[in-house]
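Colleague: Dropping the structure in here first, questions after.
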Amino acid sequence: MTLITAMLTSAPGTAQKINYPATRQVDHRDEYHGTQVPDPYRWLEDDRSDETAAWVKAQNDVTFGYLNAIPFKEKIFQDLEKAYNYPKYSAPRQKGEYFYFYKNDGLQNQSVLYRQKGLKDGATAEVVLDPNKLSADGTTRLTVFSLSKNGNYAVVGFSQGGSDWQEYQVMDMKTLNMLPDKVAWVKVSGASWQGDGFYYSRYPKPEGSALAAKNENHQVFYHRVGTSQDQDRLVYEDPANPQRFHTVRTTEDEQYAALYVSDRGQGKDGNGLWVMKQGESTFTPIVSEITDFSYGLVEHLNGTFLIETNADAPNRKVVRYDTKTKSWQPFLPEKPEPLTGVGTAGGKLFALYSQDVSTRVYVYDLKGKLENEVKLPGLGAAGGFGGEKNDTFVFYTYTSFNYPPTIFRYDLATKKSTVFRAPEVTFNPEDYETKQVFYPSKDGTKVPAFITYKKGLKLDGSNPTILYGYGGFNVSLTPAFSPTRIPFLDQGGVYVQANLRGGSEYGEKWHEQGMKLKKQNVFDDFIAAAEYLIQEKYTSPERLALQGGSNGGLLVGTVMNQRPELFKVALPAVGVMDMLRFHKFTIGWNWIADYGSSDNPEEFKVLYGYSPLHNIKKGVNYPATLITTADHDDRVVPAHSFKYAATLQEVAGVGSTNPLLIRIDTNSGHGASNTKKALETTADMYAFVFRNMGLFWK
C-alpha cells in the first residue's frame, strides 16, 4: 500500500509528517437524472473483503500512531476515569413486591440490573443480570428487559459488539434462570406481553453481510413462553411494502395490541395505527392512511383510547378515540409549547412540555382536568413519570448541564417531590455556569444555544470551545450533565450545545424547517452559532472545534466543506457522509423521510449540493479532522466514513497543514459498546483538539 505524505504544523513550533495510506481508486460512475457521479472508492462498501480489512488496519496504524504520540493523552484518560468513577443509578420500576433498577458502580463496562423488596434503607438488592459477565471485553449489552404482567417472566434482549441486531431470551423471575427460548434477528422492536407470550418485530435473516445488507420486510411475531422460535405465530407482515416498520405494543390491561406502521422509505414522517382486541386475529384500523402525521396510543380507558398526535397540531395534542362510535374528542388541546411526552400512572396523566428547550411537567386527571404543575429544580430536562394504574407515587429523573442526574419521588396524594437518590459525584455546581442565548441565523431566525463554562471565564477569544449540534429527525438536544465534560471545562474549555432547526425544540414546524429541501437551514444555524461565539469572544477560529454524531456527523462534514476557515478542529462521528447512497444500506431507507432521496430529481440536486463526500474541494486547507466510526455500526455503516476519509486524504491531504485522520473502533457500533471504549474515544478526541489548538492539557 503506497502512502500520501503531508507536512503538518498543528502546534506552535512543531511540524509532523503524516503518511496517509493511499486508497485504490476504481473507475465507477453512477448516473443520477443525467448527472454522472464518480464513486472511486465503492469497493470500501464491502465490509467483508480482505482489502477493506487491510485498509482499516493501515488507517488505524496511522491514526493511533499520531494520537499515542500526544504527550498528555494518558493524563486526559486518567482525568476522565476519575470524573466518571462514581455510582450511577436508574430510577426504580415496581413490579409486584420488587423494585427493579440499574446500577453502575463507576467504571463497569455495563450497568447491572438489580431488584429489591421495598424501598427502605438497608433493603438487600440482588443481582438479576450482570451483562459484564457475558463477554470477555464487556461489549455485550442488555438492550431490553420487559416483565410480564404478573412479574413471573421477563424478556431479556442482548446486543453484541454494538450491533443493532438483538437476540431475545426469556428469564424465569422466580429462579432468575434463563429458559431455552431464543429469538434471533430482532431489530426495531420492543417486547410487549399479552397472556403467556409476547409480541416482537424482526427481519428475515439477511443475505450476505449482516452489517450492511438492506433490511426489508419487517415482520411481527407472537412468541409463547416455552416454545421455539420456529413455532412463533406470524402476526403481521406486508411484503408488498418491504420498507415499512411494523411494531406492536400492548395496553397495560393487555386487552388490546396496537400495531404501528410507518412508511418513512416513501418519505412519510407519520404512522398508521391499528388495534386488535385480545382473542381476535385481525387488526382494526384507527388510522389507516399513512401520512406525515404521527399517532401514539397513551392508554386504554373503558373502550376508549387516549392518543397523542400532531395531526392538525404541530406542537402535538392528546385526543380521545371511542372504539364503538369511531369518533374523536378533544382531551389535551395543543399549546404554544411542544408536547414532548405523555404517561399515565396512579389514575393520573403526566404531560411533559418543552419551553425554550427546558421541561415543564403538568398533572391531569383522566378526564383531562389540570390538577397541578410538578415544580422542577430549574432549567433542565426531566423524564420518567410512568407507572401502573394502582401506583401511589412515581419516579422521575432531572438533569441539566451543571446538575447531575437526580432521581425524585413524586407522591400523587400530596403532590410533592422529594429527592430519592442524589448522585455521589465529586462536583460542585457552584463552580460552573450555564447560560442560554438566542442568536440570529442567516435568515434571521432566532436559534437557542446553551453555553457552559467554569466561572471566571474571560471573553478574550482564547478559550478552547467545542460546539455540538445535531439538527434532524425531530430530535431535541435537551440540557444534560456529562461527567466527562467536567475535565474539559476545568481546563478552561467552553461547551456549547446549539438547538438547530430539524429538531423538535419548537415542535413540528421547527423540524420541517430543517428537513429535505430546507436542510441548508440546519447548516446555516450551525455556522451562525460559530460566528456568534467568535463575535462574542468566547473563542476564535483557531480555538473552535465542531462536533456531531450520526446526522450530526453529516452536519460537521457539510459545514467543513462550506466554511472550513471558521474553525480549527472537526470531529464528525459515525456520520451520514454519502447522501446519494445512504438508503442502500441496512435501514437507511428510513431516513428518506427526513433527507429526501437521490431517486427524486429535485431532492437529488439538494443532496448532491451538500453531501459531505461529494463536495470536498482541492486546494482548501481543511480543519484538523478526526473522523470516528466503528466496525459493528449497522445503522450508519462505516463505509460512509471510509469513503469520506479516503476522499478527504486524497483531495485535501497533500499540502494540508492539518491532520485528516479516521479512528475505527473494533467490536463497537453506532455508539460505544462499553464504558472503557467510550472513555478511550473521548480522551482521544480531547487530545486531538488540544494538540491542534496548540494547547497543553495540565
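The values are calculated or read from the model by the stated rules, or taken from the named source; none is laboratory data. Just so it is clear, the model here is predicted, and its values are computed rather than measured. Methodologically, a virtual Cβ is constructed for each residue, glycine included, from the backbone with ideal geometry; neighbour enumeration extends over all protein chains shown. Note: areas computed on protein heavy atoms with side chains; ligands, DNA, RNA excluded. Shrake-Rupley method; radii C 1.70, N 1.55, O 1.52, S 1.80 Å.
Colleague: Once you place label points 7 Å from the Cα toward the Cβ at T325 and E602, how far apart are they in nm?
Modeller: According to this spin-label approximation, the distance is 4.1 nm.
Colleague: Moving to a separate point now. In Å², and per residue, what accessible area does region 560-654 have when probed at 1.4 Å with the other protein chains present?
Modeller: Accessible surface, normalised per residue, equals 26 Å².
Colleague: Between region 498-570 and region 180-223, how many Å separate their Cα centres?
Modeller: After rounding, the separation between the Cα centres reads 36 Å.
Colleague: Mind grabbing the accessible area of E280 for me, 1.4 Å probe, Å², rounded to tens?
Modeller: 90 Å²
Colleague: Taking loop as defined by DSSP and a crowding limit of 13 other beta carbons within 10 Å, which trypsin sites (Lys or Arg not before Pro) in region 466-540 fit?
Modeller: Within region 466-540, the qualifying trypsin sites (Lys or Arg not before Pro) (loop, at most 13 other Cβ atoms within 10 Å) are K537.
Colleague: How much accessible surface area, in Å² rounded to 10, belongs to the heavy atoms of D230 with a 1.4 Å probe?
Modeller: 130 Å²
Colleague: A follow-up question, please. Can you tell me how much longer the chain between R224 and L119 gets when fully stretched, taken as 0.36 nm per residue apart minus their C-alpha distance, in nm with one decimal?
Modeller: 34.5 nm
Colleague: Going by accessible area, probe 1.4 Å, with all protein chains left in place, what is the ranking of T478, T63, largest first?
Modeller: T478, T63
Colleague: Then there's this: I'd like to check one number: the per residue accessible area of region 402-518, probe 1.4 Å, reported in Å² as a whole number.
Modeller: With all protein chains present, region 402-518 gives 42 Å² per residue.
Colleague: Rounded to the nearest 0.05, what FRET efficiency is calculated for E252 and A480 with R0 set to 25 Å and r the Cβ-Cβ distance?
Modeller: 0.30
Colleague: Using +1 at the C-beta of Lys and Arg and -1 at the C-beta of Asp and Glu, which of P285, Y260, P333 has the Cα lying farthest in the positive direction of the dipole of the chain?
Modeller: Of the listed residues, the answer is P333.
Colleague: Along region 341-357, what does the Karplus equation 6.51 cos²θ - 1.76 cosθ + 1.60 (θ = phi - 60°) give for ³J(HN,Hα), rounded to whole Hz, x for Gly and Pro?
Modeller: x, 9, x, 10, 5, x, x, 10, 10, 9, 10, 9, 10, 10, 10, 6, 6
Colleague: If I model a spin label at N615 and Q36 as a point 7 Å from the Cα along the Cα→Cβ vector, what separation in nanometres do I get?
Modeller: 2.4 nm
Colleague: Still on this model: If amide hydrogens are placed 1.01 Å from N in the peptide plane, which non-local residues have theirs closer than 5 Å to the one on Y20?
Modeller: Answer set, sorted by chain and number: I4, T5, A6.
Colleague: On to the next question. Taking 7 Å along the Cα-to-C-beta vector as the label spot, tell me the E536-V26 distance in nanometres, rounded to one decimal.
Modeller: Reported label-point gap for E536 and V26 is 4.9 nm.
Colleague: Between rounded, prolate and oblate, where does region 575-698 land on the alpha carbon gyration tensor, with a ≥ b ≥ c its root eigenvalues, rounded for a/c under 1.5, else prolate if a/b exceeds b/c?
Modeller: In terms of gyration-tensor shape, oblate.
Colleague: Leaving ligands, DNA and RNA out of it, report the carbon-plus-sulfur percent of the accessible area of region 113-226 at a 1.4 Å probe.
Modeller: 46 percent
Colleague: Which label belongs to the value computed from this structure, given these candidates for log10 I(q)/I(0) by the Debye sum over Cα atoms at q = 0.08, 0.09 Å⁻¹: (i) -0.92, -1.07; (ii) -0.64, -0.83; (iii) -0.75, -0.88?
Modeller: (ii)
Colleague: Something else: Run the numbers for E280 and K584: contour at 0.36 nm per residue of separation, minus the present Cα-Cα distance, in nm.
Modeller: 105.7 nm
Colleague: W185 to R48: extension gain in nm, 0.36 nm per residue of separation minus the Cα-Cα distance?
Modeller: That works out to 47.4 nm of additional length.
Colleague: About the Cα centre of region 355-457, how large is the charge dipole given +1 on each Lys and Arg Cβ and -1 on each Asp and Glu Cβ? Please answer in debye to the nearest 20.
Modeller: 180 debye
Colleague: Here's a follow-up. Got a number for carbon plus sulfur as a percent of region 578-698's accessible area, 1.4 Å probe?
Modeller: Within region 578-698, the accessible surface is 52 percent carbon and sulfur.
Colleague: Spelling out what I want: for every residue of region 151-166, take phi, set θ = phi - 60°, compute 6.51 cos²θ - 1.76 cosθ + 1.60 (Karplus), and round to whole Hz; glycine and proline get x.
Modeller: Those phi angles translate into x, 7, 9, 9, 7, 10, x, 10, 10, 10, x, x, 6, 7, 5, 10 Hz.
Colleague: Same structure again: Quick check: with the 1.4 Å probe, what order do W328, W591, W185 take by accessible area, largest first?
Modeller: Descending accessible area places them as W328, W185, W591.
Colleague: Report the charge-dipole magnitude of region 460-516 in Debye, nearest 20, computed about the Cα centre from +1 at each Lys and Arg Cβ and -1 at each Asp and Glu Cβ.
Modeller: Computed charge dipole of region 460-516: roughly 160 debye.
Colleague: Hey, what did region 478-595 get for relative contact order, percent, Cα under 8 Å, at least 6 apart?
Modeller: Relative contact order comes out at 18 percent.
Colleague: For R93, R691, R409, give the ranking by accessible area with the largest first, probe 1.4 Å.
Modeller: Most to least solvent-accessible, the answer reads R93, R409, R691.
Colleague: Just need the relative contact order of region 138-264 here, percent rounded to a whole number, with Cα pairs under 8 Å and 6+ apart.
Modeller: 16 percent
Colleague: Place a +1 charge on the Cβ of each Lys and Arg in the chain and a -1 charge on the Cβ of each Asp and Glu, then give the dipole magnitude about the Cα centre in debye, rounded to the nearest 20.
Modeller: The dipole of the chain has a size of about 1220 debye.
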